[in-house]
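Comments concern the structure below.
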Amino acid sequence: MPRADSDPLPPSRARTWNPLTLALLAALWMAVFANWPLWRAIAALPEMASPRGALFIAGFAAAVAALTFALLALFSWRWTATALIALFLVAAACGAHFIGNYGIVIDPTMMINVLQTDVRETRDLLSWRLLASVLLLAGVPLWWLARQRVRQLPFWRQLGRNTLASLAATALVAALVFALFADLSATMRNHKSLRYMINPLTSFFSLGVVLADVRAKPAGPPRPIGRDVTVLARPAGARPALLLFVVGETARADHFSLNGYARPTNPELATRGVISFRNVTSCGTSTASSLPCMFSHLGRRGFESRAEDHENLLDLLQRAGLAVLWLDNQAGCKGLCDRVPHASASGPAALCAAGECFDEALLLGLDERLAALPAERRARGVVLVLHQMGSHGPAYFKRSPPNRKPFQPECRTNVLQQCPHEALINAYDNTIAYTDHVLAQAIDWLAQRQSDYDGALLYVSDHGESLGENNLYLHGLPYALAPREQIHVPMVLWLAPQAGGVPRDCVQAQRDSALSHDNLFHTVLGFAGVASAEYQPDLDLMAACRGKH
């Protein structure tokens, strides 16, 4: 807490500070030091290697400081200045760490990821580097600030000063933007990610956008879909459909040996007769954006521009009378499973410890879970969704058990920059190889139930991952800026012989077609034999093959 001006102090510490002065010092500190990833990125641009470039960087830094001060000035009162400055400093220190070390940007989608992060994910992101960033960029100025006396002025006088200071800072920003406009507009147009690196302003802006979007959507339950849904009559002799829909996490298509990757990351699936679709793009670059979109009938563009939330694929299947179950080994279903039966993975200590489970736990007790679903629904068909932990980073080494690590040595820290690139790739590829094992086991489970069901497994990852390419790590870049590594995802299909009346060879012919998450909703409906107004047969991977022999 700042000291009151009435507190007795030695003469050497008798100086008092106006809250505006403290706000200005904090703004300068954050603009210069907490924005080091921004200045590093700008300085690396070829067009900045000149005196004009240096002048632009200095002017841009002054604009960032002025804009930060303009915001702080509005709330610079004796009893609020310190708390607000502390909030800005901590946000800036954390932002600098993640932007600078992982190459992420903080846009509204990333802010949603932050707000939805659970304890397990938070634990994986903690590191000594993060602590050092917070101590240096926030702890040092806060230690100094706590030792200062803050002056208290009459309310109207302070209000007038705050208002004038904020207006003056805003005018300075406008003047600097005008003076730098030619270079600024070109730089931001050609390097769009820079606009999301202004720290911590973009964090607060993105949070405001997220909150505004939440308030703009109508309250109450989502809009129903599938009001006209029916279950189509099965051909004579056909059995109910049993679909294992496995939602992968953070897997890259170009690290699947099924797709031509040089390392043997899919040895077990290669013997299971699966179809690997090699040209699939995701709906988003993070779980928060992709997962709800994957189960929507709207497709990516429609989902992004929607004015209200709708029910999803699981709601429609449930309305059709099928048996539906969501099994989760991740940070939840993002609201998708709220209206259908759902459960979390669990298992013995060999698979589950410290609140985390390996993905094999999703397969434990599947027979009992299946039998517990209503018999009349099972007779119409079953859809089981398995939500993997998959290749979730940055602690890739935690995603595969000790006996499932064929690639060594592996990176065993969440500070990815500290690992040799080969060790990082080994850790990541071990997660892909473990997913291969889990999927193979799931297929074997399905194959044992062919007397009762027409089985199928559909696996697709929610998004990809950057592994150091162009100094980018993890995922979550805005879709328009995201590299292919973050949106090119694996999709694998296994069909029991003649399941759903679909010959494998016919579907295999589409393995190189341009596909996306937009196909999922309609492909699942088609396989399950469910008809509704939302179903689009041209987006169903198997529609053209159904009934062929």
Could you go through the stretch 178-184 in sequence order and give the Karplus-derived ³J(HN,Hα) for each residue, using 6.51 cos²θ - 1.76 cosθ + 1.60 with θ = phi - 60°, rounded to whole Hz, and x for Gly and Pro? 4, 5, 9, 4, 4, 6, 5
Given the whole protein assembly as supplied and a 1.4 Å probe, what does the accessible area of ARG52 come to in Å², nearest 10? 150 Å²
If you bin every alpha carbon distance in the stretch 32-88 into 5 Å steps from zero, what whole percent lands in each bin? 4, 17, 22, 18, 13, 10, 8, 6, 2, 0
Counting only residues 5 or more places away or on other chains, whose amide H sits under 5 Å from the amide H of ASP454 once H atoms are built in the peptide plane? ARG239, ALA241, LEU242
When the C-alpha atoms of the stretch 436-549 are aligned to their principal axes, what extent does each axis show, in angstrom, from largest down? 51, 35, 24
Leaving out ligands, DNA and RNA but keeping every protein chain, what accessible area does PHE527 have, in Å² rounded to the nearest 10, with a 1.4 Å probe? 20 Å²
Solvent-accessible area, 1.4 Å probe, carbon plus sulfur percent, for the chain: 62 percent
Counting only residues 5 or more apart in sequence or on a different chain, those whose built amide H sits under 5 Å from that of SER344 are ASP328
Which value, in debye to the nearest 20, describes the size of the charge dipole of the stretch 87-188 about its Cα centre when Lys and Arg Cβ atoms bear +1, Asp and Glu Cβ atoms bear -1, and nothing else is charged? 680 debye
Determine the equivalent ellipsoid of the stretch 50-202 by diagonalising the alpha-carbon gyration tensor, then write out the semi-axes as square roots of 5 times the eigenvalues, largest first, rounded to whole Å. 27, 26, 14
Give me the net charge of ALA528's neighbourhood, meaning all other residues with Cβ under 14 Å from the Cβ of ALA528; Lys, Arg count +1, Asp, Glu -1. +3
Accessible surface, 1.4 Å probe, highest first, among residues PHE98, PHE155: PHE155, PHE98
Taking only C-alpha positions in the stretch 214-338, Rg and Dmax in angstrom work out to 17.7, 52
For the chain, longest principal axis from Cα atoms; helix 51-73 axis from its Cα atoms; angle between them, nearest 10 degrees, is 90 degrees
Give me the percent relative contact order of the stretch 42-149, please, defined on Cα pairs under 8 angstrom at least 6 residues apart. 28 percent
Using the Kirkwood radius over Cα pairs, work out the Stokes-Einstein diffusion coefficient for the stretch 20-119 at 37 °C and 0.692 mPa s, in µm²/s as a whole number. 220 µm²/s
Compute the long axis of helix 19-29 from its Cα atoms, compare it with the longest principal axis of the Cα atoms of the chain, and write down the angle in degrees, 0 to 90, nearest 10. 60 degrees
Positive end of the dipole of the chain, charges at C-beta (+1 Lys, Arg; -1 Asp, Glu), about the Cα centre: which of TRP144, ALA323, LEU366 has its Cα farthest in that direction? TRP144
Which one of LEU446, TYR473, PRO497 has its Cα pushed farthest toward the positive end of the charge dipole of the stretch 390-549, where Lys and Arg give +1 and Asp and Glu give -1 at the Cβ? LEU446
Largest first, how would VAL438, VAL90 line up by accessible area (1.4 Å probe)? VAL90, VAL438
ASP512 - accessible surface, heavy atoms, 1.4 Å probe, Å² rounded to 10: 90 Å²
With the Cα gyration tensor of the stretch 186-263 giving a ≥ b ≥ c as the square roots of its eigenvalues, does the rule (a/c under 1.5 for rounded; else a/b larger than b/c for prolate; else oblate) give rounded, prolate or oblate? oblate
Here the stretch 431-448 yields Karplus 3J(HN,Hα) values (6.51, -1.76, 1.60; θ = phi - 60°; whole Hz; Gly and Pro given as x) of 5, 5, 5, 6, 4, 4, 5, 5, 5, 4, 5, 5, 5, 4, 5, 5, 4, 6
Using only Cα atoms and rounding to the nearest 10 degrees, what angle (0 to 90) does helix 81-102 make with the longest principal axis of the chain? 50 degrees
Dipole size in debye (nearest 20) for the chain around its Cα centre, Lys and Arg Cβ +1, Asp and Glu Cβ -1? 1600 debye
Per residue, how much accessible area does the chain show when a 1.4 Å probe rolls over the protein heavy atoms, in square angstrom? 43 Å²
Looking at the stretch 168-260, which trypsin sites (Lys or Arg not before Pro) are in a loop (DSSP not H, G, I, E or B) and have at most 11 other Cβ atoms within 10 Å? ARG227
Considering every pair of different Cα atoms, what Kirkwood radius, in Å, is found for the stretch 308-401? 14.4 Å
Which three semi-axes in whole Å describe the equivalent ellipsoid of the stretch 399-483, each the square root of 5 times a Cα gyration tensor eigenvalue, listed largest first? 32, 19, 7
Filter the trypsin sites (Lys or Arg not before Pro) in the stretch 356-444 to those in DSSP coil with at most 14 other Cβ atoms within 10 Å of their Cβ, and list the result. ARG412
When a/c reaches 1.5 or more, the comparison of a/b and b/c decides; with that in mind, is the stretch 241-309 rounded, prolate or oblate per its Cα gyration tensor? prolate
Can you list which of the GluC sites (Glu not before Pro) found in the stretch 269-347 are DSSP loop residues with at most 10 other C-beta atoms within 10 Å? GLU308
Expressed in angstrom and ordered largest first, the alpha-carbon extents of the chain along the principal axes are 94, 51, 49
Restricting to DSSP H runs of at least four residues, report the calculated mean residue ellipticity at 222 nm for the chain, -39500 (n - 2.57) per run over all residues, nearest 500 deg cm²/dmol. -12500 deg cm²/dmol
From most to least accessible, 1.4 Å probe, no ligand or DNA/RNA atoms counted, VAL209, VAL246 line up as VAL209, VAL246
For the chain, with the dipole built from +1 on Lys and Arg beta-carbon atoms and -1 on Asp and Glu ones, taken about the Cα centre, which of ALA174, GLY355, PRO537 lies farthest toward the positive end? ALA174
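The values are calculated or read from the model by the stated rules, or taken from the named source; none is laboratory data. Note that the structure is a prediction, hence the values are computed from the model and not measured. Virtual Cβ from ideal backbone geometry, glycine too; neighbours counted across all protein chains shown. These area figures cover heavy atoms from the full protein model, side chains too; ligands, DNA and RNA do not enter into them. Shrake-Rupley method; radii C 1.70, N 1.55, O 1.52, S 1.80 Å.
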